[in-house]
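Data first, discussion second: the structure below is written as structure tokens.
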Amino acid sequence: MTSIDVQDLTKEYGSTRAVDGLTFRVLPGRVTGFLGPNGAGKSTTMRLVLGLDRPTAGSATLGGRAYPELREPLRHVGALLDAHAAHGSRTARDHLRVLATSNRIPDGRVDEVLEETGLASVARRRVRTYSLGMRQRLGIAAALLGDPGVVMLDEPSNGLDPEGIVWIRQLLRRLAGEGRTVLVSSHLMNETASFADHLVVLGRGRLLADTPMRDFIHARVQPSVRIRTSDPAALRSALARHGHDAVEHPDGHWTVHHARVDDIGRIASAAGVPVLELAAEEGTLEQAYFDLTSAEAEFTTQPQEA
Amino acid sequence: MELTPVLRSEWLKIRTLRSLPGALLALFAATTAFSAIAGVSETSDPGFDPLFTALSGVVPGQIAAVSFGAMAVSSEFQSGALRLSLAAVPRRGRWFAAKAAVIAVPALLVGLVTALAALLVARAGLGPAADGLGAGEQVRGVVGCGVYLMLMALFAAGLAALLRSGVATLSLLIPFILVVSFVIGDATGTVADFLPDKAGQLVLRETYDGTLGPWSGLAVTALWAAAALLAGAWSLRRRDA
């Protein structure tokens, strides 16, 4: 299968560097979340991969080939960049037929992707009557049209209703499960955490992280343990004996920071502390992300050369 | 990539936007209507040219041809549509050539039908005043008129690709067409003779004077259209989508 290879990629618009010496690979068979604040260079990177913008330096290739060299590119790469790209006066079906025809994809496939994205019943309506969520679905339908090995979606959850959010999550997992290369940008952390296996994080056009999502969270957020007992005094002394620090909350439960649930369970059991509730509190992607970006912010508030 | 699927896709784009076939219909309706009106007007003017009178509906009618060319291109410059098109067809030169072809062919065909209808309708009104017209002149007028309308549509298409806007293109071209025709009027022997519409309209006249003839005048319009298309293609290839 095809991977996306970004090598020393730089893009300048006038004097601003939108993308600054990026190097990373997006591998098949997993969902790669593409994170970063607005203006970090995510969309620019996607446009560079698609050959829509020309890089100032460096290269972006798909399985070793530059995008413009692909014959019938929609059969290799499907992309959603902007849900508003479809002309409002065309019907959804005609919009997809136009794209399909240019890459010799049969019209039958148009009906398949309309069915798959839940638009079959509104396929003959003009796109201008569509809600943002329906336009997103149409954009995703266009990306899936050529049954491509590489799928790149820029903020696909925008405007989707709760059912749509669940649907896109399952779709992304399925595409990766089929061995495709899936790159999905987002600025919604909880949403990304629900589907990504791997993360590429950008800040100000530079690569901040390229790591499996679990490692990213574990390296940055210490897990904690939630525990509730009928004998707080015994719990506190048992924990203190093992060097753990516990914080009591007004509703009666305790949080033990920097601890693993297995250890705390054993300690409580050995000390004979009655446990009413015991749970691991995993670090969230959001916490890890803010830990990373606050470190980055400190780093970048130093005066820079203009 | 092969050219045929790209041509088919671009042709489907034209057909599936209601405003584009609408513009061609407007070209036919406006041209024949104005020619019909011209056919029943005064014919005793010493500068009376029966062929130009019969085809004079083209002067206002060409605005529809220009709009057709400009809108066919400018629809690509709305909210990211171009990115989608170029992601499907990354060879930009080939893509723009296909775009120009699907503008040129319908404009030419509708232009020929329109010119023939305008001539017939106007002759019905002109009656004996147009009897002096030879068959050759009338064929030249109709064919030339179709080619002229196609060239004006392509000229507008090239400008729209260069300016990346249909509104900018039309607000440049429409006043230009109207000003040149009505303010400069019949003044000949100036540089105005080489403007795209003035030069190309010589093919619609039975008699003409000055440096340009009917076909050389049309060639001047073709040069303008080619220049606009090349400038549009250059801009498209050079700029980020």
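A few remarks follow.
- Note on the stretch B:42-51: residues that are in contact (Cβ under 8 Å) with a residue 60 or more places away in the chain and surrounded by fewer than 21 Cβ atoms within 10 Å (Cβ to Cβ) total 4.
- Residue under evaluation B:Ala88, criteria (1) crowded, with 24+ Cβ neighbours inside 10 Å; (2) away from every other protein chain (no Cβ under 14 Å); (3) over 22 Å from B:Leu162 (Cβ atoms), criterion not met: (2)
- Candidate set from the stretch A:42-72 (those that are small (Gly, Ala, Ser) and more than 10 Å from chain B (Cβ to nearest Cβ)); member that is surrounded by the fewest Cβ atoms within 10 Å (Cβ to Cβ): A:Gly64
- A single entry from A:Thr45, A:Thr10 fulfils the requirement of being closer than 19 Å to A:Leu199 by Cβ, assigned by the TED database to the domain that holds A:Ala196 and at pLDDT 95 or above: A:Thr45.
- B:Val183 vs. criteria aliphatic (A, V, I, L, M), more than 15 Å from B:Ala72 (Cα to Cα) and surrounded by fewer than 22 Cβ atoms within 10 Å (Cβ to Cβ): yes
- Condition broken by A:Leu160, with the remaining ones in (1) at pLDDT 95 or above; (2) out of contact with any Asp or Glu (no Cβ under 7 Å at 6 or more places or on another chain) satisfied: (1)
- Taken as a whole, the condition of being surrounded by fewer than 19 Cβ atoms within 10 Å (Cβ to Cβ), at pLDDT below 95 and away from chain A (no Cβ under 14 Å) does not apply to B:Gly80.
- In summary, helices (runs of 4 or more DSSP H) completely within the stretch B:34-109 and bearing 3 or more residues that are under 26 Å from B:Ala199 (Cα atoms) occur at B:50-55, B:58-74.
- Those residues of the stretch A:97-113 which are within 11 Å of chain B (Cβ to nearest Cβ) and assigned to a helix (DSSP H, G or I), in sequence order: A:Arg97, A:Val98, A:Leu99, A:Ala100, A:Thr101, A:Ser102, A:Asp107
- Neighbours by Cβ (under 6 Å, 6+ apart or cross-chain): first from the stretch A:34-56, at positive phi; second of a type in the set (Phe, Trp, Tyr): A:Gly51/A:Tyr67
- A:Thr23 out of contact with any helix residue (DSSP H, G or I) (no Cβ under 7 Å at 6 or more places or on another chain), surrounded by 15 or more Cβ atoms within 10 Å (Cβ to Cβ) and touching a residue at least 40 places away in the same chain (Cβ under 8 Å): no
- Residue in the stretch B:115-132 that is assigned to a helix (DSSP H, G or I), in contact with a helix residue (DSSP H, G or I) (Cβ under 7 Å, 6 or more places away or on another chain) and within 30 Å of B:Leu230 (Cα to Cα) present: yes
- Residue pairs whose Cβ atoms lie under 8 Å apart, sitting 6 or more positions apart in sequence or on different chains, and linking a residue in the stretch A:167-186 that is over 21 Å from A:Leu62 (Cβ atoms) to a partner that is assigned to a strand (DSSP E or B), are A:Arg173/A:Val31; A:Ser186/A:Gly33; A:Ser186/A:Phe34; A:Ser186/A:Leu35.
- Residue in the stretch B:173-180 that is modelled with pLDDT under 95 and among the aromatic types (Phe, Trp, Tyr) present: yes
- When residues of the stretch A:74-92 are limited to those that are out of contact with any strand residue (DSSP E or B) (no Cβ under 8 Å at 6 or more places or on another chain) and facing chain B (nearest Cβ under 8 Å), the one farthest from B:Arg18 (Cα to Cα): A:Leu74
- Flag: A:Pro232 matches the condition of being farther than 14 Å from A:Thr32 by Cα, surrounded by fewer than 19 Cβ atoms within 10 Å (Cβ to Cβ) and out of contact with any Lys or Arg (no Cβ under 8 Å at 6 or more places or on another chain).
The values are calculated or read from the model by the stated rules, or taken from the named source; none is laboratory data. No experiment lies behind these values; they were computed from the predicted model shown. Don't worry about glycine lacking a Cβ; one is built from the backbone with ideal geometry, like all the others, and counts go over all protein chains shown.
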